């Protein structure tokens with residue numbers, strides 16, 4: 001059976017995390033920013049699963065299930081907030097919403 005070395009797996013997770021971070025910093029649409037955060041969470045969960053598989057422990061999969069639960073709650077709250085922002089400002093651009101803020 002052909003197996004992929006742990007270093008390559010961790011490198012793939014790091015690349016996914018970096019792509020999510022770049023997407024978070026570059027894109028200004030709130031939906032795309034939320035998707036980038038999800039990619040970052042999934043890459044962190046991937047590291048837990050890789051480490052658990054490497055040491056033959058189920059802890060990595062348990063932590064990944066916990067991360068999935070946290071991201072589900074995060075997405076539900078974030079989408080509700082994004083919906084409210086859209087109804088109030090009629091845009092999902094983070095820079096436009098920041099410029100529309102009242103400075104007292």
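Quick note: the coordinates plus some simple rules give every number you see, no bench work behind them. Bear in mind that the values here come from a model prediction, so they are computed numbers and not experimental data. Virtual Cβ from ideal backbone geometry, glycine too; neighbours counted across all protein chains shown.
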So what's the back-of-envelope 222 nm ellipticity for the chain, counting only DSSP H runs of four-plus at -39500 (n - 2.57) apiece and dividing by all residues, rounded to 500?
-27500 deg cm²/dmol
Nearest-ten-degree value, helix 59-89 long axis tilted from longest Cα axis of the chain
10
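I need 7, 38 ordered by Cβ neighbour count within 10 Å, fewest first. Please report the intermediate quantities before stating the final value.
Numbers: 7 8, 38 16.
The fewest-first ordering by Cβ neighbours comes to 7, 38.
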Highest to lowest packing among 19-30, 65-76, 41-52, scored as the average C-beta count within 10 Å
41-52, 19-30, 65-76
Any chance you could give the angle, 0 to 90 degrees and rounded to 10, that helix 6-26 forms with the longest Cα principal axis of the chain?
0
Nearest 10 degrees, 0 to 90: what angle lies between the long axis of helix 30-54 and the longest principal axis of the chain (Cα atoms)?
10
Viscosity 1.306 mPa s, temperature 10 °C: what is the translational diffusion coefficient of the range 10-104 from Stokes-Einstein with a Kirkwood Rh over Cα pairs, rounded to a whole number of µm²/s?
107
Nitroxide proxy distance, nm - points 7 Å out along Cα→Cβ at residue 29 and residue 65
3.5
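May I ask you to derive the relative contact order of the chain, considering only C-alpha pairs under 8 Å and at least 6 residues apart, and to give it as an integer percent?
Numbers: 83 pairs, mean separation 25.1, N = 104.
Worked out over the chain, it gives 24 percent.
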Between residue 3 and residue 73, what is the label-point separation in nm under the 7 Å Cα-to-beta-carbon projection?
3.5
